[in-house]
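Each value in this text was obtained by applying a stated rule to the coordinates, not by laboratory testing. Predicted model only: the values in this text are computed from it and were never measured. Note: ideal-geometry Cβ built from the backbone for every residue, glycine included; neighbour counts use all protein chains shown.
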Amino acid sequence: MEFQHELIIPDEGFPFKVFLFEGGNGNYVREKHWHTSIEIFAVLAGSLDFFVNKEEYPLKAGEQIIINSNEIHSIHAPEKNQTVVLQIPLKQFENYFTAQRFIRFRGQEETTDKKLTSLIKKLYKTYVDRETGYEFKTMSIFYEIMYILIRDYRVTEAKEKEIRHSHRLDVLSKITTYMREHYKEDLKLSELAATFGYSDAYLSRMFQKYAKINYKTYLQDIRMAYAYRDLLNTDHTISQIALDNGFCSSRGFSGEFQKRYGILPSEMRRQENQKGQKNAIE
């Protein structure tokens, strides 16, 4: 299987993640990957091409596509575009799962929904502008999106083949969910394997086969993702952020951070603060 598992961390204080697509400048390819979260791409300007389970879906401004949990997909963005991405953890829909613990949405059959696209654009703007009371307005828009997804897009009957495929990837998804809940701890491969009833070797092979990454690196990715979020959204010290997110020391965290991003965390924070001050002046 030539595809990777994507790690998704919700935005701080919200049950979702919303952001501008990183391929907005064009000349961008995101290779085949999958994740447990439901994902919606709403194209506001320009165009891009989606490939889902070997089918191609070209999208232009005003169109959107829903990517289901565990659905293998890739993205080609040869031209500039402005696209908002909304990622919703699967557990947000658990009250609407089928008896097989499964849920699917009509995401690719109908790509033009002005109401849904408008709401996702509004959600992103409200979240980014952060005016007084934005938390309440953001959540009200999010719940309206959820309502539309359940009312208009949920598929009540799924094919057995779809369920089997999803459940194969669900095994790893349950493990990675557990890792995200316990990443601050000293989480050893042997302990995790025992928790889920696997041998160390089997669990290690599972990560290599489905996530295309080894266990240790995946755990480090989770810790770094949460630490990065804390760095930009809190005033905690570098040492506190390191220890709060499972790193042994601030020195180890800073070294790993610089290796990944080419900059020390203290310098990254300084640059982001300067950007914020400049935007406030403008």
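For the stretch 6-145, the calculated P(r) over all alpha carbon pairs, in 5 Å bins from 0 to the bin holding the longest distance, is 2, 10, 19, 23, 22, 15, 7, 2, 0 percent. With loop membership from DSSP and a limit of 13 other Cβ atoms within 10 Å, the longest segment of the chain without trypsin sites (Lys or Arg not before Pro) is 189-282. Each Lys and Arg adds +1 at its Cβ and each Asp and Glu adds -1 at its Cβ; summed about the Cα centre, the stretch 183-275 shows a dipole of about 360 debye.
With contacts taken as Cα pairs under 8 Å at a separation of at least 6 residues, the stretch 4-158 carries a relative contact order of 25 percent. Near LEU187, once Lys and Arg are set to +1 and Asp and Glu to -1 for all other residues with Cβ below 14 Å from its Cβ, the sum equals -1.
Go ahead and estimate [θ] at 222 nm for the chain from helices alone: -39,500 (n - 2.57) per DSSP H run with n ≥ 4, summed, over the residue count, rounded to 500.
It comes out at -14000 deg cm²/dmol, rounded to the nearest 500.
Only alpha carbons enter this Debye calculation for the stretch 183-275, each as an equal point scatterer, and the log10 of I(q)/I(0) it gives at q = 0.18 Å⁻¹ is -0.82. Between GLN92 and ASN273, the modelled labels are 3.2 nm apart [label points 7 Å from Cα along Cα→Cβ].
Entry note, the chain: relative contact order of 16 percent, from Cα contacts under 8 Å with a spacing of 6+ residues.
Dividing the alpha-carbon radius of gyration of the chain by the rule-of-thumb value 2.2 N^0.38 Å gives 1.05. In the stretch 186-280, Cα pairs under 8 Å separated by at least six residues give a relative contact order of 15 percent.
Which pairs break 18 Å Cα to Cα here: LYS17/LYS137; LYS32/LYS54; LYS80/LYS114; LYS91/LYS121? Checking Cα-Cα distances, LYS80/LYS114; LYS91/LYS121 exceed 18 Å. Helices meeting the span-like rule in the chain (full DSSP H runs, Cα extent of at least 20 Å along the helix axis, mean Kyte-Doolittle score of 0.0 or higher): 134-148.
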